[in-house]
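Below you'll find the structure, written out as structure tokens, and then a few comments.
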Amino acid sequence: MGQIYPDRGIAVVTGASTGIGFELARCAAGDGYDLVVAADEPGIHDVADLLGEHGVSIRAVEADLSTPEGIARLIDVIASDGRPVELLMANAGRGLGHGFLDQSFDDIRRVVDTNIMGTLDLVHRIGRQMREQQFGRILFTGSIAGYIPGAFQAVYNGTKAFVDSFAYALREEMTDTNITVTVLMPGPTETEFFERADLMDTEMGQADKDDAGYVARAGYRAMMNGEADIVTGWSNKLQTTMAGFMSPETLARRHRRIAEPGSGLR
Ligand SMILES: NC(=O)c1ccc[n+]([C@@H]2O[C@H](COP(=O)([O-])OP(=O)(O)OC[C@H]3O[C@@H](n4cnc5c(N)ncnc54)[C@H](OP(=O)(O)O)[C@@H]3O)[C@@H](O)[C@H]2O)c1
């Protein structure tokens with residue numbers, strides 16, 4: 001792993017305050033990259049202290065990346081740095097448990113706007129800069145959820161199906177360039193995700209999960225190697241393979257068993 005361009009650019013990580021994004025930022029800092037990190041809440045300002053041991057510069061942006069204004073704020077900070085973005089890790093995302101009709105539409109919109117619209121907006125802007133500068137690496141945090149119609153987390157799984165699919169398509173469009181596109185597809189990972197999505201009374205919320213550092217290191221490595229994708233862990237690999245043999249109806253029914261409110265209490 002390491003530098004592949006003569007003048008090293010910066011690394012940008014969204015959703016870097018906690019979980020997988022924080023660990024992705026740790027990987028880039030450990031590799032010597034100066035960073036711009038972004039998240040929605042003030043906790044993002046702690047990242048520079050938490051990763052201070054690596055001796056790189058870390059600029060924090062507190063912005064709601066589900067909005068065009070939030071993306072613009074992040075872009076302004078990146079531009080004011082003056083150096084090219086070498087690594088873009090589009091990781092910010094949120095889940096949302098419960099039945100579709102029981103969710104608030106504001107929450108639904110926020111999931112779609114964060115996971116899809118904000119991600120597209122950022123990657124479109126930075127992707128154009130990368131095309132101009134003729135180098136760059138993009139990592140999307142998709143999910144194995146993208147393979148499964150997610151009854152009782154239906155909107156989230158739909159957004160991850162979008163992200164997974166989009167990443168492969170963009171990668172193909174970039175084949176004649178010096179820009180690589182990789183999608184990290186974790187399975188259930190120990191982060192704040194399930195609490196925030198109100199999934200803690202579900203079987204999924206209570207199950208054993210992968211370590212966020214392990215997941216992020218695998219994703220970072222795949223990005224640096226220019227690989228198309230990485231599904232972390234053998235049981236997640238098995239799940240995605242099995243998903244190819246099951247009907248969408250069966251997959252949705254199986255998802256209900258682990259994501260329906262109260263399923264963790266059975
Ligand atoms: N955990 C899992 O099981 C799992 C599995 C597969 C994929 N993923 C994906 O992994 C990514 C990271 O999630 P995680 O598991 O690490 O969960 P997490 O600990 O909840 O982290 C989510 C990060 O995204 C940020 N974020 C959420 N909405 C945002 C918004 N509107 N604007 C700016 N930042 C926002 C959060 O910042 P604030 O705290 O400031 O809001 C936080 O930094 C997500 O894309 C998720 O879909 C997670």
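The values are calculated or read from the model by the stated rules, or taken from the named source; none is laboratory data. Keep in mind the model is a prediction, meaning the values are calculated, not measured. With ideal geometry, Cβ positions are generated from the backbone for all residues, glycine too; neighbour counts draw on all protein chains shown. Heads up: the accessible areas ignore ligands, DNA and RNA and are worked out on the full protein's heavy atoms, side chains in. Shrake-Rupley method; radii C 1.70, N 1.55, O 1.52, S 1.80 Å.
How about the stretch 136-185: which of its residues are touching a Ser or Thr at 6+ places or on another chain (Cβ under 6 Å) and either open to solvent by 40 Å² or more (accessible area, probe 1.4 Å) or closer than 21 Å to R253 by Cα (or both)?
I144, Y147, K160, listed by residue number.
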Checklist entry - List the pairs whose first member sits in the stretch 33-50 and is polar (S, T, N, Q), whose second member is open to solvent by less than 10 Å² (accessible area, probe 1.4 Å), and whose Cβ atoms are under 6 Å apart, counting only residues at least 6 apart or on separate chains? => result none
Checklist entry - Which residue out of I58, I78 is hydrophobic (A, V, I, L, M, F, W, C), touching a residue at least 12 places away in the same chain (Cβ under 8 Å), within 28 Å of E195 (Cβ to Cβ) and touching a strand residue (DSSP E or B) at 6+ places or on another chain (Cβ under 9 Å)? => result I58
Checklist entry - In the set G142, G158, G136, which member is out of contact with any helix residue (DSSP H, G or I) (no Cβ under 6 Å at 6 or more places or on another chain) and of a type outside the set (A, V, I, L, M, F, W, C)? => result G158
Item to check | Sole residue being within 7 Å of the ligand (Cβ to nearest atom) and either in contact with a helix residue (DSSP H, G or I) (Cβ under 7 Å, 6 or more places away or on another chain) or in contact (Cβ under 8 Å) with a residue 40 or more places away in the chain (or both), chosen from R171, R196 | outcome: R196
Item to check | Pick from the stretch 13-47, criterion open to solvent by 40 Å² or more (accessible area, probe 1.4 Å) and part of a helix (DSSP H, G or I), ranking: nearest to the ligand (Cβ to nearest atom) | outcome: P42
Next on the checklist: For I10, only one of the following conditions fails: (1) within 15 Å of the ligand (Cβ to nearest atom); (2) open to solvent by less than 20 Å² (accessible area, probe 1.4 Å). What is its number?
Outcome noted: (1)
Item to check | Total residues in the stretch 222-245, condition open to solvent by 50 Å² or more (accessible area, probe 1.4 Å) and not in a helix (DSSP H, G or I) | outcome: 5
Checklist entry - H255 versus (1) within 18 Å of I20 (Cβ to Cβ); (2) in a helix (DSSP H, G or I); (3) open to solvent by less than 60 Å² (accessible area, probe 1.4 Å): which is the lone unmet condition? => result (1)
Next on the checklist: Tell me whether the stretch 213-221 contains one or more residues that are part of a helix (DSSP H, G or I), of a type in the set (S, T, Y), open to solvent by 20 Å² or more (accessible area, probe 1.4 Å) and within 24 Å of G32 (Cα to Cα).
Outcome noted: yes
Next on the checklist: If I filter the stretch 111-132 down to residues being open to solvent by less than 70 Å² (accessible area, probe 1.4 Å) and of a type in the set (D, E, K, R), which single residue comes out as nearest to F152 (Cα to Cα)?
Outcome noted: D113
Item to check | Meets criteria (hydrophobic (A, V, I, L, M, F, W, C) and near the ligand (Cβ under 9 Å from one of its atoms)) for A154 | outcome: no
Item to check | Qualifying residue in the stretch 73-87 (condition: out of contact with any Pro (no Cβ under 9 Å at 6 or more places or on another chain), more than 9 Å from the ligand (Cβ to nearest atom), closer than 19 Å to A29 by Cβ and part of a loop (DSSP other than H, G, I, E, B)) | outcome: yes
Next on the checklist: Of the residues M242, M204, M246, only one is within 18 Å of N157 (Cα to Cα) and modelled with pLDDT under 95; which?
Outcome noted: M242
